[in-house]
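Below is one structure, written out as structure tokens; the observations come after it.
Taken together, the values in this text are just the output of simple stated rules run on the coordinates, not laboratory data. Note that this is a predicted model, so its numbers are computed, not measured. Here the Cβ is made from the backbone with ideal geometry for all residues, glycine too, and neighbour counts use every protein chain on show.
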Amino acid sequence: ADDELVYAAKAGNSPATISPDGSVLLFTEGQDIFALPLTQPKAEPRPYLATPFSELRPKFSPDGKWVAYQSNESGQNQIYLNSYPSPTAKRQVSINGGVQPRWRRDGRELFFISPAGELMAAELSATLDVVHIQKLFDGMPTSGGIVWDVGPDGQKFIVVEQRVNSTNP
């Protein structure tokens, strides 16, 4: 099949997550999150979360009904969940800050990085209420790009090692 341009993004836009059924791309533009339908020719993106605050790094839940993202609306970056397609059921997941959320494949656990570089795991109920949050390990980067991901079962993680002033390649 021939490649087809779906949308010409502005400089600084960052694609973030595709819905599990492949029908929607969430991306960030500036400090807001937009949804772009992928199954409609020449579709235009629509704002999903556009507030005075910074909403970044969205991730669709495995069932596509929720989006996890980071926002600074509390004064520091925290992890939130909100319903999709209409963001009408927001709930805060992290307590002491968090960035870069990732879902376990069954949607019952959400991982994120604390401001101290700890990888945190939030156990979620069937209704996505936070049941328990625990630290898994230290040493995660707290700034820069995305340098980690989680396996489908939530038991294995891949982390790109950050080397500073290293003389070895």
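The relative contact order of the range 74-146 comes to 21 percent, based on Cα pairs under 8 Å that sit 6 or more residues apart. The mean sequence separation of alpha-carbon pairs under 8 Å and at least six residues apart, normalised by the residue count of the chain, gives a relative contact order of 11 percent.
A full extension of the chain between K156 and Q31 corresponds to an added length of 41.9 nm, given 0.36 nm per residue minus the alpha carbon distance.
Rounded to the nearest 20 debye, what is the charge dipole size of the chain about its Cα centre when +1 sits on each Lys and Arg Cβ and -1 on each Asp and Glu Cβ?
240
Placing a label point 7 Å from the Cα of T51 along the Cα-to-Cβ direction, the residues of the range 63-84 whose backbone N falls under 18 Å from that point are 66-84.
Here, P(r) means the percent of Cα pairs in each 5 Å bin from 0 to the largest distance; for the chain it is 1, 8, 17, 21, 19, 15, 10, 5, 3, 1, 0. Here the range 89-109 is scanned for amide nitrogen atoms under 17 Å from the site 7 Å beyond the Cα of T127 along Cα-to-Cβ, giving 89-93, 108.
Pairs of C-alpha atoms in the range 79-147 farther apart than 20 Å represent 26 percent of all such pairs.
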